[in-house]
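Laboratory data are not the source of any read-out in this text; all were calculated from the coordinates shown. It should be emphasised that the depicted structure is a prediction, and the values quoted were computed from it without experimental measurement. Cβ placement follows ideal geometry from the backbone for every residue including glycine, while neighbour counts extend to all protein chains displayed.
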């Protein structure tokens, strides 16, 4: 159970027709660390996320989560095993309330069978009550409890991002993938996000995020992998990556 | 009385209930269930059965609308072939609850009691819901609509072609009439044990009326339970964003199949009742225009996704189509003669007379009413309350405040 590697990416390749979006990438995410994946636009970061969460089947290579090979597993299986994610372009359930969004996250942890739901058995009532309480707790955690009964789409942008995190947490994950969680955030919101990520790590979660904001990446993450044109060009602590010549070139061009 | 706070507390609860629009709709519907027979009896006298008969027929469509709402309103799967499951339920009763199978290759009539076939029809429709659902899982929107439309055309056609089994275009007639189940007369009354008694419903519409009201009541409770359950939320999540739902651990395949199957089961339920009430069925009763599309109109017009709204939509559209519009020629001729324009009522050259002209415009009038309703209330008559707030008030000013100051 306590092996140090929670997510192993081995020689992962994803091709779309002629385009190689992710090219033979190998790295490990260790348990209970904050790990960042960075790279210029179009480097294949989100594609890699999609391969991990089962939205895409990798062309080659393996994805190992918690000792299990999950290469090509369907997304709901992956979620059930304990990987939750947020999306780069927020994908909430717009016409459901904030609390309902979180409750969907609880889905795979619930046990009520069809007949329990149809007939509202005591088991179902108890479970509903329980998951509602848990969902409210999560909303308090991200500071959205006042908006529990609002439509998700009526939340302002920053709160939508936080709701996505709450929804992901509701699946009770071991590994949380955040796809550009700070995109479009104000400096204050970014600071709050960094605190939130730190708190989650303290609770035992492993965080694996894609982020463009260097202040956040350098501020919270312990290790970083850099992708460029689908290839891994650097890996290491923020200090190492910051000084890496290829990383500087990828971001700023050769003249830098 | 003993506790002084009791009356205000009851008043407070009543006030909260009256603010809840769905509660009001249900209260009116329940009251209507009891008042309609009384009014019919008072105004129509001995022919009050005609009214109850109509209401019971409308009830069939209410059941169908509740079922289709699960597929279209909750899960967001546009199903244009819903009549197929209705037909399957009806033919289940027609074949297994009549002397018909004696004529077929089986050579034995099967008279299974109505009360059992109610559940057999439901189960068969659910099964066919799965069969239709399976190949359409990858389809969405327009493409799904086309495949389901095809299914809805195929099923009645099979019933029409397979003459040796289904009676073809003439259908199956002389179906058994439901008998009262034993628990109504009761072994405690000193009678032998039997599942049913020889107390047939006969031609009296009252038992059918009572039965359909009971079926609808049960269906509403079950559908509401589903809506507020884990499964209901999974349906809505699939409707809103399938990818995100899957990433949250919702298995889209199972959830969609359940939507098709459970939606179809309501239809099978309705089909058995419909066949038993009518006493004879034929394939033309289950077409696209007269069933599938009408139910969809009921669901959309009533307020997709909201059970009480859908019921109102079903009742409204049914009476518009079957009572009000057929009466229009009579009403217009009467109105014309009462204001001294009775010459309009007589044919004159190309003019066929007001009554006939209105008669010819039936579909246009029906269409205009539908288009008009959707223009003025695009969300349906009684949408789910949240969605209504969304469409009328737009985003709340609080959000704007938060967004601009954060």
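How tilted is helix A:157-170 with respect to the longest principal axis of chain A? Cα atoms for both, answer in degrees (0 to 90, nearest 10).
With rounding to tens, the tilt is 70 degrees.
Along the Cα-to-Cβ line of residue A:10, 7 Å from the Cα, sits a label point; which residues in region A:51-77 have backbone N less than 17 Å from it?
Taking a point 7 Å out along Cα→Cβ of residue A:10, the residues of region A:51-77 whose backbone N falls under 17 Å are A:52, A:58-73.
Tell me, what is the FRET efficiency for residue A:215 and residue B:134 to the nearest 0.05, using R0 = 51 angstrom and their Cβ-Cβ distance as r?
The computed FRET efficiency comes out at 0.50.
Between B:248, B:298, B:122, which gets the highest mean-square fluctuation from a Gaussian network model of chain B, Cα cutoff 10 Å?
B:248
How many angstrom separate the Cα center of region B:295-360 from the Cα center of region B:68-138?
Region B:295-360 and region B:68-138 have Cα centres separated by 32 Å.
If contacts are Cα pairs under 8 angstrom and at least 6 residues apart, what is the relative contact order of chain A in percent?
RCO, chain A: 26 percent.
Quote the FRET efficiency, to the nearest 0.05, computed for residue A:60 versus residue A:88 with a Förster distance R0 of 25 Å and r equal to the Cβ-Cβ distance.
Working: r = 24 Å, r/R0 = 0.96.
Plugging the Cβ-Cβ distance into 1/(1 + (r/R0)^6) gives 0.55.
Would you please give the FRET efficiency between residue B:103 and residue B:339, computed as 1/(1 + (r/R0)^6) with r the Cβ-Cβ distance and R0 = 35 Å, to the nearest 0.05?
On the way: r = 57 Å, r/R0 = 1.64.
Plugging the Cβ-Cβ distance into 1/(1 + (r/R0)^6) gives 0.05.
Only helical DSSP H runs with n ≥ 4 go in: add -39500 (n - 2.57) per run for the protein assembly as shown, normalise by residue count and round the 222 nm mean residue ellipticity to 500 deg cm²/dmol. Please list the in-between numbers first.
On the way: 29 runs with 370 residues, N = 662.
Rounded to the nearest 500, it is -17500 deg cm²/dmol.
What's the extension gain from residue B:143 to residue B:375 if we count 0.36 nm per residue and subtract their Cα-Cα distance? Please report the intermediate quantities before stating the final value.
Working: separation 232, 0.36 × 232 = 83.52 nm, distance 2.57 nm.
Contour length minus the Cα-Cα distance gives 80.9 nm.
Once label points are set 7 Å from the Cα along Cα→Cβ at both residue B:162 and residue B:368, what is their separation, rounded to one decimal in nm?
4.5
Pairs of Cα atoms under 8 Å, at least six residues apart: use those to get the relative contact order of region B:6-399, whole percent. Numbers along the way, then the final one.
Working: 591 pairs, mean separation 100.4, N = 394.
Relative CO of region B:6-399 lands at 25 percent.
Using a 10 Å cut-off on Cβ to Cβ distances, tally the other chain neighbours for every residue of B:215-228 and report the average as a whole number. Don't skip to the end; give the middle numbers.
Details: counts 0, 0, 0, 0, 0, 0, 3, 4, 1, 1, 7, 4, 1, 4.
Neighbouring Cβ atoms belonging to other protein chains average 2 per residue here.
Let me check I have the definition right: for chain A, take the eigenvalues of the Cα gyration tensor, multiply each by 5, take square roots. What are those semi-axes in whole Å, largest first? Before the final figure, lay out each step's value.
Details: eigenvalues 216, 91, 51 Å².
Rounded to whole Å, the semi-axes are 33, 21, 16.
What does the highest-first list of B:43-55, B:329-341, A:149-161, B:59-71 look like by mean Cβ count within 10 Å? Write out the running numbers ahead of the final one.
Details: B:43-55: 15.0, B:329-341: 13.5, A:149-161: 20.3, B:59-71: 28.5.
Averaged packing, sorted descending, gives the order B:59-71, A:149-161, B:43-55, B:329-341.
Considering chain B as a Gaussian network with a 10 Å cut-off on Cα pairs, which listed residue, B:177, B:359, B:379, attains the greatest mean-square fluctuation?
B:359
Taking every residue in A:118-130, how many Cβ atoms of other protein chains lie within 10 Å of its Cβ, on average?
2
Sticking to Cα atoms, compute the Rg of the protein assembly as shown to one decimal and its Dmax as the biggest Cα-Cα distance, whole number, in Å.
30.6, 102
Compute for region A:51-109: radius of gyration divided by Kirkwood radius, i.e. Rg/Rh, restricted to C-alpha atoms, rounded to two decimals. Could you put the intermediate results ahead of the total?
On the way: Rg = 13.3 Å, Rh = 12.8 Å.
Using Cα coordinates only, the ratio equals 1.03.
Where both residues lie in chain A, what percent of DSSP beta bridges are antiparallel, nearest 5?
On the way: 21 of 37 bridges.
If we restrict to bridges inside chain A, about 55 percent are antiparallel.
Using Cβ contacts closer than 10 Å as the measure, can you line up A:114, B:285, A:176 from fewest to most? All intermediate terms of the calculation are to be shown ahead of the outcome.
Values: A:114 14, B:285 20, A:176 24.
So the residues, fewest neighbours to most, are A:114, B:285, A:176.
How big is the gap, in Å, between the Cα center of region A:177-216 and the Cα center of region A:124-150?
Answer, in whole Å: 22.
Give the Rg (one decimal place) followed by the Dmax (whole number) of region B:6-399, computed from C-alpha coordinates and expressed in Å.
23.1, 74
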